[in-house]
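The values are calculated or read from the model by the stated rules, or taken from the named source; none is laboratory data. On a predicted model such as this, the values are computed, not experimentally measured, just so you know. Heads up, the Cβs are rebuilt from the backbone with ideal geometry, glycines too, and the neighbour counts pull from every protein chain shown. Keep in mind that these areas ignore ligands, DNA and RNA; they rest on the heavy atoms of the full protein, side chains included. Shrake-Rupley method; radii C 1.70, N 1.55, O 1.52, S 1.80 Å.
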Amino acid sequence: MIIGRDAAEIARAKVLALHGMSKDAWHRFSDEGFKHYQVVDCGFKYNMMDLQAAIGIHQLRRLESNLARRNVLWTRYQQAFEDLPVGRPADELRGHRHARHLYTLQINPEALPLDRDQFMLRLHRQGIGTGVHYRSIPDHPYYRERFGWRSEDWPHAHTIGGQTVSLPLSSKLSDGDQGFVIEATREALRAVE
């Protein structure tokens, strides 16, 4: 879903989302007859189906309450881990609104005698799902092969991509479940002290 205020940028996004074509099907076929289209830009098929739009429009009703819940969970994570030798998300900038989409920790093996993957395995054994969001772009074969990018040319991105782990964060996450994640995280890191 894309939202915006600039009419020209919105129009361009619509073109890019539909193969770069100048007219979608609704505008090519009308009571007035067929109209030709042109591919005016290199685009992709990023338009959503009507079913996806119908689901999405109803999700908007819950946006504020979901974000409020995510803020509570986020704050609780921030406080629970402030004394640990891990990287935590930066504070929200004044005048900005954070989506609270992913809560990540940076597990630095120089500060802890375990790495990110070992930490993830410890949580997995407790039944806690984690994620890697995101590996650095040059760490992926496509970019190495297509553009010749090498991880060592982007050392900070490579380091951060190799140390970052996402903890469970959902507006449906209960206080009890989050408490379990917090305790398991603290125990996993305490076990190596």
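Calculate, in nm to one decimal, what L121 and H101 gain on full extension: separation in residues at 0.36 nm each, minus their alpha carbon distance.
Numbers: separation 20, 0.36 × 20 = 7.20 nm, distance 2.25 nm.
Between L121 and H101, full extension yields an extra 5.0 nm.
With only Lys, Arg, Asp and Glu charged, each at its Cβ (+1 for the first two, -1 for the last two), find how big the charge dipole of the chain is about the Cα centre; round to the nearest 20 debye.
480 debye
Just the number, please: carbon plus sulfur as a percent of the accessible area of the chain, 1.4 Å probe, no ligands or DNA/RNA counted.
55 percent
Using helices alone, I'd like the mean residue ellipticity at 222 nm for the chain: each DSSP H run of four-plus residues gives -39500 (n - 2.57), total over residue count, nearest 500.
-13500 deg cm²/dmol
Counting alpha carbon pairs within less than 8 Å and at least 6 residues apart, what relative contact order, in whole percent, applies to the chain? Please report the intermediate quantities before stating the final value.
Working: 203 pairs, mean separation 34.4, N = 193.
Relative contact order of the chain: 18 percent.
Considering the options G148, Q118, G95, tell which one lies farthest towards the positive end of the dipole of region 90-152, charges being +1 on Lys and Arg and -1 on Asp and Glu at the Cβ, about the Cα centre.
Comparing the listed Cα positions along the dipole, G95 ranks first.
With springs only between Cα atoms under 10 Å, which of R116, R70, R97 fluctuates most in a Gaussian network model of the chain?
Between R116, R70, R97, it is R97 that shows the largest mean-square fluctuation.
Once label points are set 7 Å from the Cα along Cα→Cβ at both Y37 and T159, what is their separation, rounded to one decimal in nm?
Between Y37 and T159, the simple spin-label model gives 4.8 nm.
Considering every Cα-Cα pair within the chain, what fraction, in whole percent, is farther apart than 22 Å?
It works out to 64 percent of all Cα pairs.
Among A53, A80, A11, determine the one that fluctuates most according to a GNM of the chain built with springs between C-alpha atoms less than 10 Å apart.
A11
Given a Förster radius of 22 Å and the C-beta distance between D175 and H133 as r, what FRET efficiency does 1/(1 + (r/R0)^6) yield to the nearest 0.05?
Computed FRET efficiency for D175 and H133: 0.40.
Compare N47, N108, N71 in a GNM of the chain, Cα atoms joined below 10 Å, and give the one with the largest fluctuation.
Top of the fluctuation ranking is N47.
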